[in-house]
Each structure stands twice: as C-alpha cells, then as structure tokens.
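I have placed the structure first, in the form of structure tokens, so that the comments after it can refer back to it.
The values are calculated or read from the model by the stated rules, or taken from the named source; none is laboratory data. As the structure is a computational prediction, the values presented were derived from the model and not from experiment. Cβ placement follows ideal geometry from the backbone for every residue including glycine, while neighbour counts extend to all protein chains displayed.
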Amino acid sequence: MPVTERIPEIVHFDVERIRQDFPILHQTINNKPLVYFDNAATTQKPKQVIDALVNYYTTMNANIHRGIHTLAERATFAFEETRETVKTFLNASSTEEIIFTKGVTEGINLVASSFGSAFINKGDEILISAMEHHSDIVPWHFVCEAKGAILRIIPIDEEGDIIYEELEKLVNKKTKLIALAHASNTLGTINPIEKVIKLAHSYGAKVLVDGAQSVSHIDIDVQKLDCDFFVLSSHKLYGPTGVGVLYGKKELLNAMPPYHGGGEMIKEVTYEKTTYNDLPYKFEAGTPNIADVIAFKSAIDYINTLGKKNIAAQENLLLSYGTEVLSSIPGFRIIGRAKEKVSIISFVVESIKSTLDIGMYLDTQGIAIRTGHHCTQPLMTRLCIEGTARASFSFYNTKEEIDRLRIGIEKAIKLFS
C-alpha cells in the first residue's frame, strides 16, 4: 500500500486544467473517450514539448558543437542548455557527469560494456534483484560471459520487497557492482536505494540505479544518494522518445574507456592512434538526437513548474483510490503490495485465464493498459504466474477514469467467465 504520510497534502492541483496541455488525451478510441493507463511504458507529451520540437526544426536545425554559423551555434547552445537543466534536475556536481544516451537500456549497456571491461574480472560478482527489467539483466549476462564473472540475485518476498537481510548475506569483497531498479516497472516497489548504496560502498562495490520508473515520481539527488551511476529515459518523464541520460561520478567516467568510436568523442585521430575527448563528449560518439534532447528540457521545465511533491501527492491519491476501488472486484488480485510503491497496479483476475483478454477488451472501452510479462520474465517465474495486467497512473489521470477501469474489468469478467 502507498505510504500517504510521507507525501504532503496538495495545496492546489487542477487536473482538468493540466489535461489541456496534453493534446493526445482529448480523443476517442473505439468511440469511447481515451483513458490512458500505460504511463509506465511511456508518458504522454505536453504541448510545450511538442512545440519545442517544432521550434527546433523551424528555427535552428543544424548539427552541433563543430559549426561556427549561427544556426549551429543556436542549436549547440540549446543542446547544452538541456545538459545544464538535467544536471540541476539530478543535482549532479558537473555537466561533465551528464551523458546523453538513447535511453535507460543504452545507459546500462554503456556501463556494462565500459565499466565491465575495465573493472570486472574473473570471479567477481554482480548483484541484481529478482524484479529487474530485462535491460538490467541481459547486459550483465554479456559481462559475465565475457569476463567470467558471476551474477547473483537478490531475492524478494511475496509482497514484492527485496529481502534486505538476504542482500546483506550476498554482498562480499568479490562484489564489484550492484545494479538495482529504484522502482519496479511491474510491481511498483520502491527499493531502499540509500541503504543499498551504503552497504555496497562499505565493501568497495559500485551501484547503478535504474531510475526509469522512479524519476517521474520521486525527487532525485544523486549527490545525496551517493550512487555511482543513475540512468533515466526522457520518454518516461513526459519528454521525447530516443533520449536518455547516464549520470556517472566524474572520476569513474574518466577511468572508463569509450563505448562507441567515431566523431565527437575524439580529440585527435591518425591512422596509428586516437586521442579521446574530455567528458561528457567521450561517451557521445556521432551526431546525437539533437531535436529530442533540446525538447527534453521543456519536459523537465514542465515537471518543475508543477512540482515533484505535488505530482507525487496526486499520483499517490490515485494509487490509494485505485487500490481500494479495484480490490473490491471479486477475483481481482493485486500483484505487488510493497510497503512503498509508485503509482502502478499490476493485477490478475481469477476467472480470466489470459491477461491479454483483459487488455484487448479494455481497449474496446477506450482504456489503454499493458499486459504480459513487462520485460520481467524471471520475476514472473518467481511469482509463479505468466504475466499481469498493469494499470499505471500519471498526474493527468483522474478518479473518474479509475471508475471506468473498474467497470471495464467487471464487464470483462462477465464476458470471459
């Protein structure tokens, strides 16, 4: 259940006014008003972000950093302005610690490839949890196969919380890295990242935090957390797709080899030798996703205008209401009842064998949810289920939409039972 005491009361949060900023929400799907409950997969974009994309292509479209003409300088300034905005948003100590990627998946792969090649050796151990997304599993398989390292799994309990006492038993002097989701994309669980980081550092291990699901709900201060790496995706933060951020401590990033080779990440190239560029450009080979990086700033500005505390409070209200209302449905079972959660409700319905049937029927009612294993197949095996239906809420959702979800599920039960 959500912990309502930790989030202050909303002074004023005009959801209907805010919804006007999101053009996509004002349409019908299958002749029904759209209800969008797939926010854990991707969030919708306010018109401020859309306008920023249009503005780039109509006023400054040019390649960045190396051009001396006006459009190139204009685009470079806007691109680097986003980097500065992300630095402040995460409270990084320097823009040199902010690396632009395609998303969380590339950020984790970058660390696995670069940190893994430099610092992971045969017999070393990497720890992940039983609730990780495939993006935080498969790259470590690559490292273990290449370097002869060992992947250890932090177990979880029936409620969806990691078993911290078991983690304490797993960590040892061979542990080189712990990679952990800040919040689970399937269960909604908020993991005790601060405790994990302190424990890891006491053994000299580094910590990568997968912030894909946490960054839109929780204030992030990477210096306070003292994490070594933090990854996020723009598209889960109301920004464009194809943009992500890897934060890394400067001394670590300087010690790691480049991930890709090409333009921008070099200082000097001859046929015999390459000299690498300084941070952050050492890890940003080639022409980046300029337009979407620039528009990402508008998404962060939008979030800052609303206020993270207000957003968290609104989403916590929706989570509390949804948990109460949906739990009243006969045969409805929530998967994941951690002590602290982001606004995700994964569920199964006893009388409906396939979650796909639930999702397809709800779509006929104009309601968008996600079904399946959510890129967490090992977690589904641990829970002894094939998959779940998942409703994930954003600040632009309403209690009335949750009521429609309840009615839709009840109709689906009558149809499929």
Applying the selection to the stretch 1-56, what residues are aromatic (Phe, Trp, Tyr) and either under 30 Å from PHE79 (Cα atoms) or modelled with pLDDT of 95 or more (or both)? PHE22, TYR36, PHE37, TYR56
Kindly check whether there is at least one residue in the stretch 103-123 that is assigned to a loop (DSSP other than H, G, I, E, B), surrounded by fewer than 21 Cβ atoms within 10 Å (Cβ to Cβ), free of Cβ contacts under 8 Å to residues at least 60 places away in the same chain and touching a helix residue (DSSP H, G or I) at 6+ places or on another chain (Cβ under 8 Å). yes
Using the structure shown, decide if LYS250 is farther than 30 Å from PHE393 by Cβ, touching a helix residue (DSSP H, G or I) at 6+ places or on another chain (Cβ under 9 Å) and surrounded by 15 or more Cβ atoms within 10 Å (Cβ to Cβ). no
Which one of these is touching a strand residue (DSSP E or B) at 6+ places or on another chain (Cβ under 6 Å), closer than 28 Å to THR398 by Cβ, outside the structural domain of LEU90 (by TED's automatic domain parsing) and of a type outside the set (Gly, Ala, Ser): GLU315, GLU340, GLU324? GLU340
Could you tell me which of the residues LYS297, LYS273 is of a type in the set (Lys, Arg), surrounded by fewer than 16 Cβ atoms within 10 Å (Cβ to Cβ) and assigned by TED's automatic domain parsing to the domain that holds THR58? LYS273
Whichever residue in the stretch 192-247 is surrounded by 24 or more Cβ atoms within 10 Å (Cβ to Cβ) and aromatic (Phe, Trp, Tyr) and, among such residues, is nearest to PHE100 (Cα to Cα): TYR247
Just to check your reading of the model, which residue among ILE137, ILE154, ILE178, ILE163 is of a type in the set (Val, Ile, Thr) and surrounded by fewer than 16 Cβ atoms within 10 Å (Cβ to Cβ)? ILE163
Out of the residues in the stretch 241-275 that are outside any loop (DSSP other than H, G, I, E, B) and among the hydrophobic types (A, V, I, L, M, F, W, C), which is farthest from VAL143 (Cα to Cα)? VAL269
Select the helices (runs of 4 or more DSSP H) contained entirely in the stretch 347-417, then report the ones holding at least 1 residues which are among the small types (Gly, Ala, Ser) and crowded, with 17+ Cβ neighbours inside 10 Å. 355-364, 399-416
